[in-house]
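Colleague: Here it is, the structure, as structure tokens.
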Amino acid sequence: MAISMTKKQVQELNNKCSSNWRFDTAFFIFHSIKTLHKKLKVDEAGYYEFRLYYNNQNQITLNIKRFDYKENVTMEGEIKSIILDKTEVKRRNNSKLLDMTEKLTDEKLLKLYAENK
């Protein structure tokens with residue numbers, strides 16, 4: 001089953017996101033899964049990429065990837081997945097993901113990363 005979204009729908013979704021979260025159009029095009037993502041530069045050595053989505057059990061999950069710059073190349077580092085809401089929903093709802101973007105500020109994201117080492 002092909003899923004599609006118009007540019008207007010993507011823009012509306014992005015407008016509803018908080019804390020610089022954005023709809024990941026490339027991920028949606030290749031995987032037909034709606035996810036929100038955010039990049040956060042930590043220092044000159046690298047950045048984190050955060051992805052908010054529903055897992056296979058329809059639970060809200062946060063995926064964290066660390067990327068490091070080494071010799072003009074970006075290298076993927078460690079990856080962590082944290083289930084933020086263990087409630088299994090019957091229907092994946094964008095509004096729940098959007099609500100999470102309000103709570104997941106830069107400080108909260110870095111704290112979650114540090115707590116789950």
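The values are calculated or read from the model by the stated rules, or taken from the named source; none is laboratory data. Quick caveat: nothing in here was measured; it's all calculated off a predicted structure. Glycine gets a Cβ as well: all are built from the backbone with ideal geometry, and neighbour counts include every protein chain shown. Ligands, DNA and RNA are excluded from the accessible area calculation, which covers all protein heavy atoms including side chains. Shrake-Rupley method; radii C 1.70, N 1.55, O 1.52, S 1.80 Å.
Colleague: Do we have Val42 as closer than 16 Å to Leu112 by Cα, open to solvent by less than 100 Å² (accessible area, probe 1.4 Å) and either aliphatic (A, V, I, L, M) or touching a Ser or Thr at 6+ places or on another chain (Cβ under 7 Å) (or both) here? Spell out the reasoning first.
Modeller: Values: closer than 16 Å to Leu112 by Cα: yes; open to solvent by less than 100 Å² (accessible area, probe 1.4 Å): yes; either aliphatic (A, V, I, L, M) or touching a Ser or Thr at 6+ places or on another chain (Cβ under 7 Å) (or both): yes.
Judged against the criteria, Val42 is a match.
Colleague: Return a yes/no flag: does region 74-95 have any residue that is open to solvent by less than 50 Å² (accessible area, probe 1.4 Å) and β-branched (Val, Ile, Thr).
Modeller: For region 74-95, residues open to solvent by less than 50 Å² (accessible area, probe 1.4 Å) and β-branched (Val, Ile, Thr): present.
Colleague: What are the pairs with Cβ atoms under 6 angstrom where one residue, in region 17-38, is farther than 10 Å from Leu52 by Cβ and touching a residue at least 12 places away in the same chain (Cβ under 8 Å) and the other, located anywhere, is among the hydroxyl-bearing types (Ser, Thr, Tyr) and open to solvent by less than 20 Å² (accessible area, probe 1.4 Å)? Sequence gap at least six, or different chains.
Modeller: Ser18/Thr101; Ser19/Thr101; Phe27/Thr35
Colleague: Here is a follow-up. So which residues in region 45-70 are open to solvent by 40 Å² or more (accessible area, probe 1.4 Å) and of a type in the set (Gly, Ala, Ser), if there are any at all?
Modeller: Correct list: Ala45 only.
Colleague: Can you find, within region 1-28, the residue that is nearest to Asn93 (Cα to Cα) among those that are surrounded by 11 or more Cβ atoms within 10 Å (Cβ to Cβ) and among the aliphatic types (A, V, I, L, M)?
Modeller: Step by step, filter region 1-28, then rank; the result is Leu13.
Colleague: Restricting attention to region 7-48, which residues are in contact with a helix residue (DSSP H, G or I) (Cβ under 9 Å, 6 or more places away or on another chain) and at pLDDT below 90?
Modeller: The answer is Ile33, Val42.
Colleague: Just to be sure I understand the filter: pairs with C-beta atoms under 7 Å, separated by 6 or more residues or on different chains, first member in region 89-117 and modelled with pLDDT under 90, second member open to solvent by 70 Å² or more (accessible area, probe 1.4 Å). Which pairs pass?
Modeller: Going by the 7 Å Cβ cut-off, the qualifying pairs are Asn94/Lys34.
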